[in-house]
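Everything below concerns the one structure shown next.
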Amino acid sequence: MKKLIFTFVIFILTLGTTLKAQNLETPEFAFRPYILEINNNLKSLENADGKLESKILGMGYGGSEIYYSAKLPKSTIRVSKSSLPKLIVKIIGGVDPLQYIKLSKAEIKKGNRKFMQNKTYFGGANKDLNDTFIKLEFKKIRNEIYEIILPSNIEIGEYGFISSGFVYCLGIE
């Protein structure tokens, strides 16, 4: 009898979780991150119209940089570090989300945000950009819908999700 009651309780809890996931609005666009609001509506991140740029430093002797630039020093979408929102993304084609979504911390230069993609030194050696890219994890919610899990130790700053040549920004305060 106890085993039957336990099984019934587990069934009810699983059903509740499944129904909650089904009530989630489906993202309109694939590979574009959204904030999941309390009422299960999705809010778009700032589409920064990032422009891919390259820069040769010191007539080539200083190496080169490749980065996305976004106007304005701060994103229009602000979130609190103490209560990070859930982020949702639709990934089509049965691929690993890490292949299409990267999170980059911005450098603020001359009133613009720079999301570094590659930096090389004179002679062609690449600079380690581990401090620029943030390690993400993904949790499958249902078919093609994933939650983006930010690290708990993420720093305050300006961030951009780089996906398919677009930059979707938010600021963490």
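The values are calculated or read from the model by the stated rules, or taken from the named source; none is laboratory data. Just so you know, these numbers come straight off a predicted model, no measurement behind them. Counting neighbours? That spans all protein chains shown, and the Cβs are built from the backbone with ideal geometry, glycine included. Just the protein is used for accessible areas: all its heavy atoms, side chains included, with ligands, DNA and RNA removed. Shrake-Rupley method; radii C 1.70, N 1.55, O 1.52, S 1.80 Å.
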key: Pairwise FRET efficiency - Y121 versus S44, Cβ, R0 = 41 Å, nearest 0.05   = 0.65
task = Normalise the Debye intensity by I(0) for segment 49-122, one equal point scatterer per Cα, no solvent, then take log10 at q = 0.15 Å⁻¹ and round to two decimals.
result = -0.72
query = If each of E28 and S64 carries a label point 7 Å out from its Cα toward its Cβ, how far apart are those two points in nm?
reply = 3.7
query = Working out 0.36 nm times the residue gap between K109 and E144, then minus their Cα-Cα distance, what length gain in nm do you get to one decimal?
reply = 8.9 nm
request  = Provide F133, F31 ordered by accessible surface of protein heavy atoms (probe 1.4 Å), highest first.
outcome  = F133, F31
request  = Post the alpha-carbon centroid distance, segment 48-107 to segment 155-173, in whole angstrom.
outcome  = 5
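Treat every Asp and Glu Cβ in segment 25-173 as -1 and every Lys and Arg Cβ as +1, leave all other atoms uncharged, and give the resulting dipole magnitude about the Cα centre to the nearest 20 debye.
Working: 22 positive and 17 negative charges, 52 e Å.
Roughly 240 debye, rounded to the nearest 20.
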request  = Pop a pseudo-label 7 angstrom from the Cα along the beta-carbon direction at both F166 and S83 and give the gap in nm to one decimal.
outcome  = 2.8
Given K86/K109; K43/K81; K43/K74; K81/K119, the pairs whose alpha carbons are separated by over 20 Å = K86/K109; K81/K119
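Using a probe of 1.4 angstrom, how much of the accessible area of segment 24-99 is carbon and sulfur, in percent?
54
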note = Once K102 and F133 are pulled to full extension, the length gained, defined as 0.36 nm per residue separation minus their Cα-Cα distance, is 10.4 nm
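Using only alpha carbon pairs under 8 Å that are at least six residues apart, calculate the relative contact order of segment 96-173 and give it in whole percent.
Relative contact order, segment 96-173: 32 percent.
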inquiry  = Sequence gap at least 6, Cα distance under 8 Å: using those rules, report the relative contact order of segment 42-173 to the nearest whole percent.
reply    = 33
remark   = To the nearest 0.05, the calculated FRET efficiency linking K55 and E173 through their beta-carbon distance, R0 being 30 Å, is 0.55
request  = Could you tell me the convex hull volume per residue, in Å³, taken over the Cα atoms of segment 16-170?
outcome  = 119
